[in-house]
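K.L.:
Here it is: the structure, laid out below.
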Amino acid sequence: MSGGIIVLILAVLALIGFVLGKRRARSLADSSGTKLHSLSGYYGQTVALFTAVPAFLLMLAWLFVQPIIVEGRADALIPDSVIPQGGARSLVLSDVRRIAGGLDAMIANQDASASALVDGQIDVSTVRARLAEVGVALAGDVPVEVFEAAKVYREAARTGSMIMTFAVLALALGLGLWSLSRIRPDMRARNVSETFVTALLIGSSTIAILTTVGIVGSLVFETINFFKMYPASEFFFSTVWNPQFRGGSELGILPLLWGTMYVSFVALLVAVPIGLLIAIYLSEYASPTLRGFAKPAIEVLAGIPTIVYGLFALVTVGPLIRDWLAQPLGLGTSSSSVLTAGLVMGIMIIPFVSSLSDDIINAVPQTLRDGSYGLGATQSETIKRVILPAALPGVMGAILLAASRAIGETMIVVLGAGAAAKLDLNPFEAMTTVTVKIVSQLTGDTEFASPETLVAFALGLTLFVITLCLNIVALYIVRKYREQYE
């Protein structure tokens, strides 16, 4: 049974428990003539929470642990002799998972060849052809040991799923009936329910923190492994980016950092002035009718998929810049350029600046405006000397959010700026960014045992540190001016 169906069953059981809990509390109160300590809904909530939450947590833990155990069993059946020269065990395990999934699909379609393989009648050539029909393409000859490991993997996964289904549903029913039997009129159901919810909130916050720690930890540990294989001095100070998966790579980050900062700078040069002017107009000059129409219309820009912006840059903006500016000025002949990606990306992040800045400017107390007008200042002087300084911390936050969005963008850069890693001041030349190279280094079936692959984690950690430094600088500016104007 799939996890989605189990979750649906748990939701139904929780709903039934809620209804039964309310009814039991009311009937006990009526029969004993005593008043309930809490509202009847709290008794239902208690039963529903005890029914669904522990079982759901058990399912999550099971889904996390089961793949580790199942893959361990399959891995033990794969001898070193079947691993291709220059290949990796993880890639063989990937074949095992694909074959197991293909066998499930074939058995669901009542394919006799899959049943023969599962029953021990090995017909590898026939099964390989049938696997291709269900979308599982295998490169080259797959050893019999891999098919045997796939059988074990499939059987262990199915057995584990069946046991998980039974354990989760049994726990849900058991705790649901137990909590239902504990209902008494004097039971402090509200306290139990609120304590349960508080624990859930704390757990959710802990998961968010642990997720962040896990992301940073994975970047740090893999980066350490990378620097054990590749000199840190060449990574940070080399001006050449030339990965070769056959050896002899040059993995200097400087061209990628330059491209990232150059494209982001052009994007912010477009988005910040336009977005800030839009925010000032909408908050201080526009009528309520115009504001109610214009602000949602501008925010639509943030909802357009980045692939659409990338295609717009590739098909429209790039050729226009090449034909009208680059070629007439003799500065370039390519439609992919820093200026192309920066302009389109700037259009994309305008709502990040305008909407947030508009909200911040509207939050400035009206008393500041009235005081400025009372001293004889004009509206423009009030905006420049009172409103914008008071709103500066929030505006800086909006600019920081836009900068982070620009630094992390990938698709627009791929289609608009190209993939050339180089140091150049010409905005009409093709360049690339850190995020693009992270994607390119991790595309396809790769083994995390070579510097050409692990460099992606080093690039990600470097980008994380840069973003963190931007946050620290922005926080310093916010605190400085907030103390001055509060």
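K.L.:
Which value in Å is the Kirkwood Rh of region 36-81 over different Cα pairs?
P.N.:
Values: mean 1/r = 0.0722 Å⁻¹.
Answer for region 36-81: a Kirkwood hydrodynamic radius of 13.9 Å.
K.L.:
Leaving out ligands, DNA and RNA, what percent of the accessible area of the chain is carbon and sulfur, probe 1.4 Å?
P.N.:
Reported share for carbon and sulfur atoms: 66 percent.
K.L.:
Another one. Using the Cα centre as the reference, give the magnitude of the dipole from point charges on the C-beta atoms of the chain (Lys, Arg: +1; Asp, Glu: -1; all else neutral), rounded to the nearest 20 debye.
P.N.:
Its charge dipole is roughly 1820 debye.
K.L.:
Another question, if that's okay. Debye calculation, C-alpha points only, no solvent: report log10 I(q)/I(0) for region 1-69 at q = 0.28, 0.29 Å⁻¹, in the same order as the q values.
P.N.:
So the normalised log intensities are -1.12, -1.15.
K.L.:
Now for a separate question. For TRP324, project a label point 7 Å along Cα to C-beta. Then give me every residue of region 333-360 with its amide nitrogen under 19 Å of that point.
P.N.:
333-348
K.L.:
With label points built 7 Å along Cα→Cβ from the Cα atoms of VAL439 and ASP30, find their separation and express it in nm.
P.N.:
Going by the 7 Å Cα→Cβ label model, 6.3 nm.
K.L.:
Another question, if that's okay. If r is the Cβ-Cβ distance from ARG182 to LEU425 and R0 is 51 Å, what FRET efficiency results, to the nearest 0.05? It would help to have the intermediate numbers written out before the result.
P.N.:
On the way: r = 74 Å, r/R0 = 1.45.
Efficiency for this residue pair is about 0.10.
K.L.:
Within straight cross-link reach of LYS35, meaning Cα distance under 20 Å, which lysines are found once same-chain residues fewer than 8 apart are removed?
P.N.:
LYS22
K.L.:
Pairwise over distinct Cα atoms, reciprocal of the mean inverse distance: report the Kirkwood radius of the chain in Å, one decimal place.
P.N.:
On the way: mean 1/r = 0.0353 Å⁻¹.
In the chain this quantity evaluates to 28.3 Å.
K.L.:
Using helices alone, what [θ] at 222 nm do you get for the chain, with -39,500 (n - 2.57) per DSSP H run of 4 or more residues, divided over all residues and rounded to the nearest 500?
P.N.:
-24500 deg cm²/dmol
K.L.:
Grab the other residues whose beta carbon is less than 15 angstrom from that of ALA341, score K and R as +1, D and E as -1, and report the net.
P.N.:
Spelling it out: positives minus negatives among the neighbours equals +1.
K.L.:
In region 273-399, if every C-alpha pair distance is counted and binned at 10 Å from zero, what percent goes to each bin?
P.N.:
Going from the shortest bin to the longest, the percentages are 12, 32, 26, 18, 10, 2.
K.L.:
Please compute the Kirkwood hydrodynamic radius of region 175-230 from all pairs of different C-alpha atoms, in Å with one decimal.
P.N.:
15.0 Å
K.L.:
Take the alpha carbon atoms of region 142-270, find their radius of gyration, then divide it by 2.2 N^0.38 Å using N residues; give the quotient.
P.N.:
Details: Rg = 27.2 Å, N = 129, 2.2 N^0.38 = 13.9 Å.
Region 142-270 yields a ratio of 1.95.
K.L.:
Let me ask you something else. Which lysines have a Cα lying under 27 Å from the Cα of LYS228, excluding residues fewer than 8 positions away in the same chain?
P.N.:
Once the sequence-local lysines are set aside, what remains near LYS228 is LYS422, LYS437.
K.L.:
Can you give the alpha-carbon Rg of region 350-486 over 2.2 N^0.38 Å, where N counts its residues?
P.N.:
1.48
K.L.:
Counting residues in region 237-278 as N, plug N into 2.2 N^0.38 Å and put the Cα Rg over that result.
P.N.:
Its radius of gyration relative to the 2.2 N^0.38 Å reference: 1.79.
K.L.:
So what is the diffusion coefficient of region 394-469 in µm² per second by Stokes-Einstein at 37 °C and 0.692 mPa s, using a Kirkwood Rh over Cα pairs? Could you put the intermediate results ahead of the total?
P.N.:
On the way: Rh = 13.9 Å.
Approximately 236 µm²/s, per Stokes-Einstein.
K.L.:
Another question about this same structure. Could you check the simple spin-label distance between ILE207 and LEU15, using points 7 Å along Cα→Cβ, in nm with one decimal?
P.N.:
Output for this residue pair reads 2.2 nm.
K.L.:
Just by accessible area at a 1.4 angstrom probe, what is the order of ARG385, ARG73, ARG97, ARG369 from largest to smallest?
P.N.:
The ordering from most to least exposed comes out as ARG385, ARG73, ARG97, ARG369.
K.L.:
Within region 46-76, list the residues whose amide N lies under 19 Å from a label point set 7 Å along Cα→Cβ of ARG98.
P.N.:
Within reach of a label on ARG98: 71, 74-75.
K.L.:
What residues qualify as long-range amide H neighbours of TRP241, i.e. H under 5 Å apart, gap of 5 or more or another chain, H built at 1.01 Å from N?
P.N.:
Here the answer is GLY252, since their amide H atoms fall under 5 Å of that of TRP241.
K.L.:
Restricted to Cα positions, what overall size does region 260-303 have along the principal axes? Three whole-Å values, descending.
P.N.:
Here the spans come out as 39, 22, 8 Å, largest first.
K.L.:
Here's a follow-up. Averaged per residue, what accessible area in Å² does region 288-379 show with a 1.4 Å probe, protein chains only?
P.N.:
Using a 1.4 Å probe on heavy atoms only, each residue of region 288-379 averages 51 Å².
K.L.:
Rounded to two decimals, what is Rg over Rh for region 283-358 when you use alpha-carbon atoms and the Kirkwood radius?
P.N.:
Using only Cα positions, Rg/Rh for region 283-358 is 1.13.
K.L.:
What FRET efficiency do you get for LEU470 and LEU173 if R0 is 45 Å and r is their Cβ-Cβ distance, rounded to the nearest 0.05?
P.N.:
0.30
The values are calculated or read from the model by the stated rules, or taken from the named source; none is laboratory data. Keep in mind that this is a model prediction, so the values were computed, not measured. Every residue, glycine among them, receives a Cβ derived from its backbone with ideal geometry; neighbour counts consider all protein chains shown. Keep in mind that these areas ignore ligands, DNA and RNA; they rest on the heavy atoms of the full protein, side chains included. Shrake-Rupley method; radii C 1.70, N 1.55, O 1.52, S 1.80 Å.
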